[in-house]
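Chemist: First the structure, which I've put down as structure tokens, then a few questions once you've had a look.
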Amino acid sequence: MPGRNFELALTLDADVLRIEVSDTRGERRPPAPGMATPSPAPFAESGRGLLLVQAVASRWEVRDRPPIGKTIVAELPVRL
């Protein structure tokens, strides 16, 4: 589907897994960390991704993705 492409990057450094998900939907920017995230309706088929990120990530942020879009960066602790 045009305009709906995305990129996924994974990096493992010592004890941290870094996940970066980018897309072209800059107008659908989630709230910044620490801001209230709206809960989806009980039977909604989408809207839970950021809730999962907040639950498992030790740190996360939203970045601009030039020339268009956004990137969500999340870091998860890893025990090897």
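For every residue, the table says whether it meets (1) closer than 15 Å to V21 by Cβ; (2) modelled with pLDDT of 85 or more; (3) not basic (K, R).
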position	(1), (2), (3)
A44	no, no, yes
L52	yes, yes, yes
A57	yes, yes, yes
R63	yes, yes, no
G69	yes, yes, yes
V73	yes, yes, yes
P77	no, yes, yes
L80	no, no, yes
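Chemist: Looking only at the stretch 57-72, count every residue that is open to solvent by 90 Å² or more (accessible area, probe 1.4 Å) and acidic (D, E) and tell me the total.
Modeler: 1
Chemist: Conditions first: (1) open to solvent by less than 70 Å² (accessible area, probe 1.4 Å); (2) in contact with a Pro (Cβ under 9 Å, 6 or more places away or on another chain). V78 passes all but one, so which condition is the exception?
Modeler: (2)
Chemist: Then there's this: Can you name the residue in the stretch 1-33 that is acidic (D, E) and open to solvent by less than 60 Å² (accessible area, probe 1.4 Å) and, of all such residues, is modelled with the lowest pLDDT?
Modeler: Among those that are acidic (D, E) and open to solvent by less than 60 Å² (accessible area, probe 1.4 Å), it is D23.
The values are calculated or read from the model by the stated rules, or taken from the named source; none is laboratory data. Here the structure is a predicted model, which means the values were calculated and not measured. Neighbour counts run over all protein chains shown; Cβ positions are idealised from the backbone, glycine included. Side chains included, ligands, DNA and RNA excluded: accessible areas come from the protein's heavy atoms. Shrake-Rupley method; radii C 1.70, N 1.55, O 1.52, S 1.80 Å.
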